[in-house]
Amino acid sequence: MIFTDDTDLALGAAVEVANSALEPNGLTDPAALSAIFERYRYSGRHDGDEAELAGIHAIRPRLRELLLSDRDRAVELVNAILAEHASVPRLVRHDTHDWHIHAVDKDIELSQRMLVETAMAMIDVIRADETSRLSVCADESCEGIVLDLSRNRSKRYCSTACTNRNAVAAYRARRAQG
């Protein structure tokens with residue numbers, strides 16, 4: 001395990017939300033947002049409406065910048081986000097999660113909680129000097145963010161589609177040479 005479960009979940013959610021801006025049909029309705037809310041086990045307020053979805057859409061560029069920044073720039077962004085939201089870290093336990101850190105109230109709108117939780121997760125990434133675990137997809141036609149939590153740092157593509165597309169291209173190139 002590289003990071004704690006809550007860090008992995010926050011990073012995974014942030015990558016999925018940031019990458020949704022690159023997809024023509026990415027995160028277009030409140031039901032899709034609800035699925036992310038459940039998949040990444042968010043707690044607290046979830047309005048499930050168009051206004052909440054618009055708030056999530058609005059933070060996608062900030063998430064992308066934070067996730068892809070070099071270590072020093074990430075520190076600046078984390079500090080700015082935490083100050084902007086007057087974050088006060090505290091230990092909480094809920095649902096199936098054991099003690100972990102939350103830094104904003106559970107009644108704050110989801111977009112702001114997601115931004116702060118991503119900043120908190122990035123603290124772990126920065127402190128462990130693991131910013132290289134976040135990168136841009138190796139597929140030349142894709143700008144998706146890759147979150148590599150593998151032990152051997154082998155993940156290169158943001159999705160199964162990009163992985164498969166490149167595997168097929170490599171196979172065809174080998175066959176053409178052979």
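The values are calculated or read from the model by the stated rules, or taken from the named source; none is laboratory data. Quantities reported herein were computed from a predicted structural model and do not represent experimental measurements. Every residue, glycine as well, gets a Cβ built from its backbone with ideal geometry; the counts of neighbours run over all protein chains shown. Only protein heavy atoms, including side chains, enter the accessible area calculation; ligands, DNA and RNA are left aside. Shrake-Rupley method; radii C 1.70, N 1.55, O 1.52, S 1.80 Å.
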If one compares the long axis through the Cα atoms of helix 30-39 with the longest principal axis of the Cα atoms of the chain, the angle in degrees, nearest 10, works out at 90 degrees
Taking Cα atoms, the helix 160-177 axis meets the longest principal axis of the chain at an angle in degrees (rounded to 10) of 10 degrees
With Cα coordinates, the longest principal axis of the chain makes an angle with the long axis of helix 71-84, in degrees rounded to 10, of 30 degrees
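So with the 1.4 Å probe, I'd like the accessible area per residue for segment 1-127, rounded to whole Å². Spell out each step's value before the answer.
Details: 6450 Å² over 127 residues.
That works out to 51 Å² for each residue.
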Magnitude of the Cβ-charge dipole (Lys and Arg +1, Asp and Glu -1) of segment 36-164 about the Cα centre, nearest 20 debye, reported as 480 debye
Calculated from DSSP helices alone, with each H run of at least 4 adding -39500 (n - 2.57) and the total divided by the residues of the chain, [θ]222 nm to the nearest 500 comes to -17500 deg cm²/dmol
So the carbon and sulfur contribution to the accessible area of segment 74-117, 1.4 Å probe, in percent, is 55 percent
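Going by a ≥ b ≥ c, the root eigenvalues of the Cα gyration tensor, does segment 52-178 fall in the rounded group (a/c under 1.5), the prolate group (a/b larger than b/c) or the oblate group?
It is prolate, given that a/c is not under 1.5 and a/b is the larger ratio.
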Heavy-atom accessible area of Met120, protein chains in place, probe 1.4 angstrom, given in Å² to nearest 10, is 30 Å²
Per the charge dipole of segment 40-178 (beta-carbon charges, Lys/Arg positive, Asp/Glu negative, Cα centre), the residue among Ile126, Asn152, Gly48 reaching farthest to the positive end is Asn152
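What is the local net charge at Gln112, summed over the other residues whose Cβ is closer than 13 Å to its Cβ (Lys, Arg +1; Asp, Glu -1)?
Numbers: positive: Arg45, Arg62, Lys106, Arg113; negative: Asp47, Glu52, Glu84, Asp105, Asp107, Glu109, Glu117.
My count for the surroundings of Gln112 gives -3.
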